[in-house]
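Chemist: One structure, as structure tokens, below. Some questions next.
The values are calculated or read from the model by the stated rules, or taken from the named source; none is laboratory data. This is a predicted model, so every value here is computed, not measured. Heads up, the Cβs are rebuilt from the backbone with ideal geometry, glycines too, and the neighbour counts pull from every protein chain shown.
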Amino acid sequence: MTALELWPYVALILVGFLPNEIWRGLGLLLARGLDEDSEVVVWSRAVATAILAGVIAKLILFPNGALTNIPLFVRTAAAVCGFAAFLAIRRSAFVGVAVGEAALMLGGFVFAR
Amino acid sequence: MPAPATFSSSGAAFFGGVKSALASVFFPVIAGTYVGIGALAHDFSFPSWWLALSTVLVWAAPAQVILISALGTGSALIEAAVAVSLSGIRLLPMVVALLPLVRRKGTRLRQLLLPVHFTAVSMWVESLRLLPAVAPERRISFCNGLSTTYMATATASGFVGFYLAAGLPPLLAGALLFLTPMSFLISTARNARMLVDRVALVLGLVLGPFLASFDIGLDLMWTGVVGGTAAYAFHRWREATT
């Protein structure tokens with residue numbers, strides 16, 4: 001293998017693996033001696049949930065890749081439809097995801113750029 | 001609530017995890033998401049084995065999308081590393097919330113290394129939902145079975161997407177990338193049984209894009225600290241007054 005072929009793999013370790021894995025390592029370090037009912041764990045779960053919600057909203061409002069071709073209002077409306085279907089139909093995650101995806105494809109088809 | 005599961009051996013617990021993974025919404029979601037990521041990697045001309053390695057090592061769909069888009073469009077490496085790292089901040093509090101569930105007295109550090117590396121939204125959401133019903137001494141095996149199945153599904157689907165890429169219509173490619181936010185939203189809401197988690201979810205949905213639109217940097221970290229702490233404070237205040 002030449003250096004040029006090896007480069008993407010080096011970039012993967014330096015730019016992908018290490019910057020991401022460091023948070024898992026820190027979590028392992030910080031979780032020592034905590035039990036599941038401790039207040040720090042309840043707070044951590046709230047922080048994780050809030051960050052996750054932030055990631056979700058950003059992925060819908062400011063997407064990358066092929067999702068940028070679908071208009072913003074279609075992406076938002078599809079997420080709302082999927083969530084409403086999840087609440088309405090037996091709190092089924094399968095139903096919610098399927099309805100959200102169907103709404104996105106329908107909207108994307110009608111309002112294609 | 002799922003019925004309590006008592007497994008006769010670690011092997012049985014591992015396969016219990018495999019079965020739970022195959023029956024969960026994340027099985028089709030991960031398959032679809034990674035078909036989308038495979039197509040993305042192909043479009044930016046990464047080798048298919050590079051993608052497989054990134055799935056095993058990075059193991060976080062949003063981070064992989066950022067990594068591929070950033071490296072593929074020729075962003076500065078440090079910029080790409082910062083973007084990946086910011087998206088990964090959520091893993092820290094997730095590990096902190098997960099470990100007390102899997103660890104017992106006498107659990108060795110090396111037994112925790114796999115569950116910690118496997119920590120990702122899919123595995124975390126399902127572990128928090130299912131582990132309380134699994135006997136404490138079987139939880140690590142159960143977790144590893146669950147996660148190995150998810151990771152194997154993701155890796156295989158990445159190859160499928162990579163080789164399908166040329167024939168994938170843009171609308172379908174967009175729909176596959178939409179699977180991540182759609183399923184994260186629903187599964188997080190499904191898991192949010194306690195008020196503190198629901199408040200954190202709503203605050204995060206509002207604060208995330210609000211802070212991001214101001215371009216202040218570290219917006220996800222602030223979303224978590226501010227939104228999570230406010231939700232926690234609200235929960236303490238409710239408990240104190242009722």
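Chemist: So, in the range B:103-127, of the ones that are of a type in the set (A, V, I, L, M) and facing another protein chain (nearest Cβ under 10 Å), which residue ends up farthest from the chain's Cα centre (by Cα)?
Modeler: The extreme case among them is B:Leu109.
Chemist: Please state which of the following conditions A:Gly33 fails to meet, knowing it meets all the rest: (1) more than 25 Å from B:Leu205 (Cα to Cα); (2) crowded, with 24+ Cβ neighbours inside 10 Å.
Modeler: (2)
Chemist: Further question: Among A:Arg45, A:Arg32, A:Arg91, which is the only one that is of a type in the set (D, E, K, R) and closer than 17 Å to B:Met182 by Cα?
Modeler: A:Arg91
Chemist: May I ask you to say which residue of B:Leu201, B:Leu211, B:Leu176 is at pLDDT 95 or above and aliphatic (A, V, I, L, M)?
Modeler: The conditions single out B:Leu201.
Chemist: With the condition kept exactly as written, say whether any residue in the range B:159-172 is under 25 Å from A:Gly100 (Cα atoms), of a type outside the set (Phe, Trp, Tyr) and touching a Leu at 6+ places or on another chain (Cβ under 7 Å).
Modeler: No; the residues of the range B:159-172 include none that is under 25 Å from A:Gly100 (Cα atoms), of a type outside the set (Phe, Trp, Tyr) and touching a Leu at 6+ places or on another chain (Cβ under 7 Å).
Chemist: Quick test for you: out of B:Leu171, B:Leu207, pick the one residue that is at the interface with chain A (Cβ under 7 Å from one of its Cβ atoms) and either under 24 Å from B:Ile37 (Cβ atoms) or surrounded by fewer than 16 Cβ atoms within 10 Å (Cβ to Cβ) (or both).
Modeler: So the residue among B:Leu171, B:Leu207 that is at the interface with chain A (Cβ under 7 Å from one of its Cβ atoms) and either under 24 Å from B:Ile37 (Cβ atoms) or surrounded by fewer than 16 Cβ atoms within 10 Å (Cβ to Cβ) (or both) is B:Leu171.
Chemist: Which of the following residues is in contact with a strand residue (DSSP E or B) (Cβ under 6 Å, 6 or more places away or on another chain) and of a type outside the set (Ser, Thr, Tyr): B:Ala63, B:Ala5?
Modeler: B:Ala5
Chemist: Go through the residues of the range B:142-155 one by one and say whether even a single one is in contact with a Cys (Cβ under 8 Å, 6 or more places away or on another chain) and assigned to a helix (DSSP H, G or I).
Modeler: no
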